[in-house]
1. Is it the case that residue 209 is over 27 Å from residue 14 (Cβ atoms), among the aromatic types (Phe, Trp, Tyr), modelled with pLDDT of 90 or more and in contact with a strand residue (DSSP E or B) (Cβ under 8 Å, 6 or more places away or on another chain)?
2. From (1) modelled with pLDDT under 95; (2) out of contact with any Gly (no Cβ under 8 Å at 6 or more places or on another chain); (3) more than 22 Å from residue 108 (Cβ to Cβ); (4) assigned to a helix (DSSP H, G or I), pick out the condition that doesn't hold for residue 28.
3. Could you grab me the full set of residues in segment 54-92 that are at positive phi and in contact with a helix residue (DSSP H, G or I) (Cβ under 8 Å, 6 or more places away or on another chain)?
4. Being within 20 Å of residue 134 (Cα to Cα), open to solvent by less than 30 Å² (accessible area, probe 1.4 Å) and free of Cβ contacts under 8 Å to residues at least 60 places away in the same chain narrows it down to one of 200, 218, so name that one.
5. Can you tell me which condition residue 194 does not meet? The list is (1) at pLDDT below 85; (2) open to solvent by 80 Å² or more (accessible area, probe 1.4 Å), and all the others hold.
6. Just to be sure I understand the filter: pairs with C-beta atoms under 6 Å, separated by 6 or more residues or on different chains, first member in segment 65-82 and closer than 19 Å to residue 51 by Cβ, second member among the β-branched types (Val, Ile, Thr) and open to solvent by 50 Å² or more (accessible area, probe 1.4 Å). Which pairs pass?
7. For residues in segment 237-263 being of a type in the set (D, E, K, R) and in a strand (DSSP E or B), which is least open to solvent (accessible area, probe 1.4 Å)?
8. Of the residues 37, 47, only one is closer than 21 Å to residue 68 by Cα, surrounded by fewer than 19 Cβ atoms within 10 Å (Cβ to Cβ) and among the aliphatic types (A, V, I, L, M); which?
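The values are calculated or read from the model by the stated rules, or taken from the named source; none is laboratory data. Since we're looking at a predicted model, the values are computed, not measured. Cβ atoms come from the backbone with ideal geometry, glycine included; neighbour counts cover every protein chain shown. To get the accessible areas, we keep the full protein, side chains included, count just its heavy atoms, and leave off ligands, DNA and RNA. Shrake-Rupley method; radii C 1.70, N 1.55, O 1.52, S 1.80 Å.
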Amino acid sequence: MIVGDAALAKRLERFQAEIGAGNVATRAPSLADAIEVAGGKAIFFGVDSPITQAIGIGIGEPVSVADVDRVEAFFRSHGSSSVIHITPWTDPALLAELSARQYQFFEFENVFAQRVDVLVTLPSDPAVSVRKIDRDEASSWARICASGFATEGFDEDLVEQIANAFSDASGSTRYLASIDGVACGAAASVTSRALSVVGLFGAATLPEYRRRGVQSALVARRLADAAGEGCELALVTTLPGSASHRNVRRRGFELLYTKTSMKRSWTSGAN
């Protein structure tokens, strides 16, 4: 059993912040940016992008009014709303400051983890094969990600954009799953050897190939590769109650904590 505490939350949020900064590095400076603030990072990846957010701020260290001013100035300079993640271990001073500035609830996000050396094996079709892919197959990989998520109500073009960003970031690996030689599933992982964490992202299966163990095979392969690289923990984040939430629970991942995204949008002349 993994016990969630401030030290582990700081480690996992730092990992997610570094992934966001890695995404920024894949785009032109005029299109993406990131700054370090109070132990975390504020990341801009485009107006209304789910990657545009401040992560890991104030876990295990104080947050000042000047820190919040700096985050807001950063987002405003890019024409974006300010979105800040809050965990159960975030400095209470940040919560008070966001309340004073009339931030509103935006979204919950569940943070799951599992030891890499522990895997709940689920049945899968023996015809499913999984392999790493090179850059020359990146476009087909992104299209499968986009098509898989589109059936769950996500914008296909936005999913493809985010998938490409995650897959191009440093430490990332892309995987394709096939049945009878036909590509039917996609997933990615991002590894930080310094933090000994692997993040599992971008898992999608084409609708006609679902319920055949494609995602189980993709999880198993990514965890096996992460174990070979010496990683200790695997991380997955999901929306509460989503299909991804149910799937990671079935595969033995433990819910460590739920974090909240708080948002402030600007109006003309607002301070």
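1. Numbers: over 27 Å from residue 14 (Cβ atoms): yes; among the aromatic types (Phe, Trp, Tyr): yes; modelled with pLDDT of 90 or more: yes; in contact with a strand residue (DSSP E or B) (Cβ under 8 Å, 6 or more places away or on another chain): yes.
Yes.
2. Going through (1) modelled with pLDDT under 95; (2) out of contact with any Gly (no Cβ under 8 Å at 6 or more places or on another chain); (3) more than 22 Å from residue 108 (Cβ to Cβ); (4) assigned to a helix (DSSP H, G or I) one by one, residue 28 breaks only (4).
3. Of everything in segment 54-92, those that are at positive phi and in contact with a helix residue (DSSP H, G or I) (Cβ under 8 Å, 6 or more places away or on another chain) turn out to be 56, 58, 60.
4. Result of the check over 200, 218: 200.
5. In the conditions (1) at pLDDT below 85; (2) open to solvent by 80 Å² or more (accessible area, probe 1.4 Å), residue 194 misses (1) alone.
6. 79/47; 80/47
7. Residues of segment 237-263 that are of a type in the set (D, E, K, R), as a first pass: 246, 249-251, 254, 259, 263.
Of the ones still in play, those that are also in a strand (DSSP E or B) are 254, 259, 263.
On the way: 254: 54, 259: 3, 263: 54 Å².
Within segment 237-263, the match that is least open to solvent (accessible area, probe 1.4 Å) is 259.
8. On inspection, the qualifying residue turns out to be 47.
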